[in-house]
1. Could you pull out the trypsin sites (Lys or Arg not before Pro) across the range 501-577 that fall in loop regions by DSSP (anything but H, G, I, E, B) with no more than 15 other Cβ atoms inside 10 Å?
2. Once phi is turned into θ = phi - 60°, what whole-Hz ³J(HN,Hα) does the Karplus curve with 6.51, -1.76 and 1.60 give for every residue of the range 516-526, x standing for Gly and Pro?
3. Take every Cα pair under 8 Å in the chain that's 6+ residues apart, average their separations, divide by the length, and report that relative contact order as a whole percent.
4. Rank by packing, highest mean first: peptides 93-102, 295-304, 239-248, with packing defined as the count of other Cβ atoms within 10 Å averaged across residues.
5. Rounding to the nearest 20 debye, state how big the charge dipole of the range 449-606 is about its Cα centre with +1 on each Lys and Arg Cβ and -1 on each Asp and Glu Cβ.
6. In whole Å, how far is the Cα centre of the range 26-61 from that of the range 583-605?
7. Going by the alpha-carbon gyration tensor, a ≥ b ≥ c the square roots of its eigenvalues, is the range 243-327 rounded (a/c under 1.5) or, if a/c is not under 1.5, prolate (a/b greater than b/c) versus oblate?
8. In whole Å, how far is the Cα centre of the range 318-342 from that of the range 132-177?
Amino acid sequence: MAGHTPGKAALPPAISGALSEKLGRLGLLSWQDLILHLPLRYEDETHLFPIREAPGGRTVQVEGTIIQREVRPRPRQAFVLRIQDASGDLWMRLFHFYPNQVAQLTVGRRIRLLGEVRAGLLGPEMIHPQHRIVDAGTPLADALTPVYPTTAGVSQTRLRTLIKQALAAADLTDPLPEALLARLGLPPFAGSVRHLHEPPPDADSAKLASRRDPAWRRMKFDELLAQQLSMRMHYRERRAQRAPILAARGHLTQQLFARLPFSLTPAQRRVLHEIGADLGRPHPMQRLLQGDVGSGKTVVAALAALTAIENGAQAAVMAPTELLAEQHFAKLSAWMAPLGVRVAWLAAGLRKQEKTHCLAALASGHAQLAVGTHALFQPEVAFHSLGLAIVDEQHRFGVHQRLALNRKGTQPHQLMMSATPIPRTLSMSYYADLDVSVIDELPPGRQPVATKLVADLRRDEVTARVRAACLAGRQAYWVCPLIEESEALQLKTATETYERLRAAFPELRVGLVHGRLPAPDKVAVMGAFQAGALDLLVATTVIEVGVDVPNASLMVIEHAERMGLSQLHQLRGRVGRGSVESVCILLYASPLSETARARLKIIYEHQDGFEIARQDLLLRGPGEYLGTRQSGAAWLRFADIEHDQDLLEAAREAADEMLERFPEAAQRHLERWLPQRLDYLKV
Ligand code: ADP
Ligand code: MG
């Protein structure tokens, strides 16, 4: 079957112009796409309920004779009809109707209704049911009627017809090995799609609707398998490339170990070991290092970078914001300069001359470590011998960027770091193209952060508390509200808050930092705060990621109800870094909405980032959890990684097995499920 491409058979030319454009909007470009356009739900037109016995709360079909009808002008114009069968009668009420409907629906006509029965003022009624005139003995549907996701201008009838055609025209062969299906107890492909599009008369409609039917399981498995296959293929392709062997030599890493004021936690040692093993192989590492806020990822990154440098290779550390990149630069320079390592800084804001200088140092190999923002991975940047690329706060970059990095000519080893804890299911699905290491403990001696929820009205008490803490020699953050609609407004709010607090605390040294501050000013302010020359730092959410000032032990977050849970967790992680007991005060505008209350309760009750992430995922679902930044990923339409965890695990296993033993079948499966993705993956 080589060269066989079920995914590519385009729609016939008869479907053209406006319709095909609308179908395109639904993602329906080929017969295969139509086959995989599965019903949202079903309507049951296979049998009639006697009117008296029709249950409420769901869509039912009844049939009877019109015995009364009138157009009522009040209270709101309505066409009202009374329908009777042998068991009883009900009212049908139409608020939108045409003169010719009034002309046709006359007393004595037989009519079939599909809708929900409710208790009305005059007895049972259906409001705007689907209805049609029938003869006595008009046959009933012999299968449940599918209802499809659609868009304006494509009717259900149209879709049903097209999908019927597709079922006849498309290739429905099953690429999956029979033994695999048998082992997983999954039904064949053709039977499954037929079952879902045209369920047999005896199909259990409740089971179909709940998507627990075996045919649905097959579809979900297929979808998950396609996702796993595409990501594992990508993993293997990169894995097959070559990378420099960066063996542990130790002369630099041992020096840093000796100089650190702390010893590594067992978890840090374990992940370092995993990373070291990867670096020692001739294939590019593709590892994600996960660790909760404050778990100490930076020092792990530094030791990995030193391993590269020991081998005569260069290393690069990229951070998503300039603020964070600068912090890394300061910290890494402080660690590495005494070892004689030359560190270069590259960000968008550099002056031309500095930039030229930096680029030259990277190209000649003079600079051994580069720290910066996205600017590091612009095409104009050429490294002499990049051995290791480290991306901090990886979740801030999209999947596309992750892939793009990998396409640059020579293959460095890659280490991505993320403090957004991803629950296992999500990580299995979303990070299937990476190896994952987890730092699952915090350095010893950390005090848990006491979290307080305070209504806005009690702002004065909070102000007093901040003053007292600062006068007692502690440092504090005051985080201004997130204003998503307008960056300008956010800036204004931050500036006003700063002015207000400066006026309120004449005895304190107050600083301001926000995203628009010129880079040197930002460095100056952060430096002053770090050195203890500022007591209070007013900040926008730019400090969300990575900022590390251990002496800061109090944080106030305004309008906490506007922020996402992981964002709050990240922000709160800026305190509780030293050994002093820390407090985080979440100010909220009352009254709180139901969901806002639920979210704040989670952050109030939990300190563990993974638990917060799990709850957040349950509250929001994966798409929203990962955010639009990650929308590069082909997301799941049918499967639900929480509820279909068994299928996800099976798909993960099957994907590796198929790539190993049945690569052609894997290819065909992908052509059916992810034809676009397949093109995209061709490197
Ligand atoms: P994150 O994982 O959030 O990036 P950092 O790397 O910024 O965390 O580390 C947080 C703080 O903990 C830093 O001040 C760092 O120097 C310190 N730290 C890291 N590892 C240890 C350790 N094993 N023992 C004590 N402190 C540590
Ligand atoms: Mg960090």
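1. R516
2. These are the phi-based 3J(HN,Hα) values: 8, 5, x, 3, x, 5, 4, 4, 4, 5, 4 Hz.
3. 14 percent
4. Result, highest mean first: 295-304, 239-248, 93-102.
5. 260 debye
6. A separation of 41 Å, based on Cα centres.
7. Note, shape of the range 243-327 comes out rounded.
8. 61 Å
The values are calculated or read from the model by the stated rules, or taken from the named source; none is laboratory data. None of these values were measured; they are calculated from a predicted model. We place every Cβ from the backbone using ideal geometry, glycine too, and count neighbours over all the protein chains shown. For accessibility, only protein heavy atoms count, side chains too; no ligands or nucleic acids. Shrake-Rupley method; radii C 1.70, N 1.55, O 1.52, S 1.80 Å.
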